1. Within the range 284-294, does at least one residue satisfy the condition of being of a type outside the set (A, V, I, L, M), in contact with a helix residue (DSSP H, G or I) (Cβ under 8 Å, 6 or more places away or on another chain) and assigned to a helix (DSSP H, G or I)?
2. All but one of (1) modelled with pLDDT of 95 or more; (2) open to solvent by less than 60 Å² (accessible area, probe 1.4 Å) hold for Gln451; state the number of the condition that does not hold.
3. May I ask you to list pairs of residues, at least six apart or on different chains, whose Cβ atoms are under 6 Å apart, with the first in the range 173-193 being over 16 Å from Ile213 (Cα atoms) and the second being within 16 Å of the ligand (Cβ to nearest atom) and among the aromatic types (Phe, Trp, Tyr)?
4. Within the range 211-231, which residues are more than 9 Å from the ligand (Cβ to nearest atom), open to solvent by 10 Å² or more (accessible area, probe 1.4 Å) and either in a loop (DSSP other than H, G, I, E, B) or out of contact with any helix residue (DSSP H, G or I) (no Cβ under 7 Å at 6 or more places or on another chain) (or both)?
5. For Pro334, are the conditions met, namely being touching a residue at least 40 places away in the same chain (Cβ under 8 Å), over 17 Å from Asp209 (Cβ atoms) and away from the ligand (no atom under 16 Å from the Cβ)?
6. Assuming Ser390 fulfils every condition listed in (1) touching a residue at least 12 places away in the same chain (Cβ under 8 Å); (2) closer than 27 Å to Leu242 by Cα apart from one, which condition is it?
7. Please find, within the range 143-165, the residue that is nearest to Ser40 (Cα to Cα) out of those that are touching a residue at least 40 places away in the same chain (Cβ under 8 Å) and touching a Ser or Thr at 6+ places or on another chain (Cβ under 9 Å).
8. So which of Glu447, Glu464 ends up being within 23 Å of Phe303 (Cα to Cα), acidic (Asp, Glu) and in contact with a helix residue (DSSP H, G or I) (Cβ under 6 Å, 6 or more places away or on another chain)?
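The values are calculated or read from the model by the stated rules, or taken from the named source; none is laboratory data. All figures in this text were calculated on a predicted structure; none of them were measured in a lab. Cβ sites come from the backbone with ideal geometry, for glycine too, and all protein chains shown count toward neighbours. Side chains are part of the model used for accessible areas, which takes the heavy atoms of the whole protein and leaves out ligands, DNA and RNA. Shrake-Rupley method; radii C 1.70, N 1.55, O 1.52, S 1.80 Å.
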Amino acid sequence: MSTFVPADPFELVIFGATGDLAMRKLLPALYHRDRDDQFSDDSIIIGASRSELSRDVYIEQVHAALVEHANLDEIDEPTWQRFAARIHYCAVDITRDTTWASLSDVLATESARVRVFYLATMPSLFGDTALQIANAGLVTDNSRIVVEKPLGRDRSTASAINDKLLSVFDENQIYRIDHYLGKETVQNLSALRFANALFEPLWNRAHIDHVQITVAEKLGVGSRGSYYDKAGALRDMVQNHLLQLLCLVAMEPPSSQHHDDIRNEKLKVLKALKPITREDVKRKTARGQYAAGAIDNKVVNSFFDDLDDEEPSNTETFVAIKAEVENWRWSGTPFYLRTGKRLATKCSEIVVQFKPVAHNIYGADAGDLEANRLTIRLQPDEGVQLSIMSKQPGPGTLQLRPVPLNLSFSETFQLRYPDAYERLLMEVFRGNPGLFMRGDEVDAAWEWIDQIIASWEQTRMPAEAYSAGSWGPKNALVMLDRDGREWHNTRRID
Ligand code: BG6
């Protein structure tokens, strides 16, 4: 059984405390960790935002958010009372120096306490908020700052934010969140590779034909249309979540669990990504935008209608990429990435397609020999599935067919799956930046993405319409077809 190790006493300040991220994710995650007794009595949570609210009103809002988002049948009263007692509220306008005094008053003068500033605000405010925190004299040796993705919209804007953060905090005090790194199954990817002797000898170009990484969503852009129209799927999902997954699959074994050992290996993968130039952008990428369609028998709008804009948009809500990692381990083994909104189903998975056996001794009558495939399902129905060839039981002629070796984590471990933010927040309190992106990783990821965006712009590559509820635009299928491969569409192999 894993044990719950309490965090050292902390002061957590959440900027953007009344916003969607704080209410839907951060406060429910904190409540769950408190419920498991991981917080000392003197740890406090301070909500900070521009709204002039009393502490009581804010606490009522938090209670309503827990009822809606904590995934519990009921909020247990004694735990809630303990949690509510930690909550404070300060009205702070981060653009005005005069409003910071209330926050300084709540924070302890004693500097040894872990102090965390969580910026659940618009990314354009990250740099200036860090400077204001410093101006207000709130940074201690034991302070940390947490910033959400997206960090910038290209390498230069990301660097400008990073420079401001680094003018106040050391690199190891900056926690850049990619919530995929906090997902239980993403952590399991490393356990699968480095805690088992079985896979590592086969984990290379000699035995793996290709890898597919899919993050498919049924949802559309919802109320985030104005952000999303400026970002698109490449910036919103590939620059961070999909590239981080690619790194975890492709990286060399780190020499230890130390955060820099892992991040150094991930960085090498990002730097080994072959640039996608204007000459090959049309073969190696596909862009799509959802048109109206049906999902779960319900008619849904097009992206254009969701935006409610006058002008048509060329923003991609789907992207597929053939990524190549140019090193000895992976040369010639492509990584196909795809992500999109309003697709047929919600699923995130990594499919490792092995090469076929060297020689078929069975002959045509026994059936086709399918190459082995390892599927790591990140969500939903988290688990690992290995497809192997097996003899069909019974008398008669020998027949072979693929069967799944199926490990379902929920059935095997029968535990509640914690939300990614629960783990990530605890790692911040503990001072372990291993599950967060280092500045140079963010830069390297942007460098590769910037080149793709430039190639799209130079070739004026349009976003091809796909029906909501489908698996994306035709070009994504053609991209694999050209290589004699196909997307693994279904979540199960049986
Ligand atoms: C976020 C993106 O980072 O990840 C969203 O901004 C996306 O557009 C979300 O919907 C997907 O996260 P998850 O955990 O639901 O796969």
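1. yes
2. Evaluating Gln451 over (1) modelled with pLDDT of 95 or more; (2) open to solvent by less than 60 Å² (accessible area, probe 1.4 Å) leaves (2) as the failure.
3. Tyr175/Phe436; Arg176/Phe436; Glu184/Tyr417
4. Lys218, Gly220, Ser223, Ser226, Lys230
5. no
6. Only one criterion in (1) touching a residue at least 12 places away in the same chain (Cβ under 8 Å); (2) closer than 27 Å to Leu242 by Cα is unmet by Ser390, namely (2).
7. Filtering the range 143-165 for residues that are touching a residue at least 40 places away in the same chain (Cβ under 8 Å) and touching a Ser or Thr at 6+ places or on another chain (Cβ under 9 Å), the one nearest to Ser40 (Cα to Cα) comes out as Glu148.
8. Glu464
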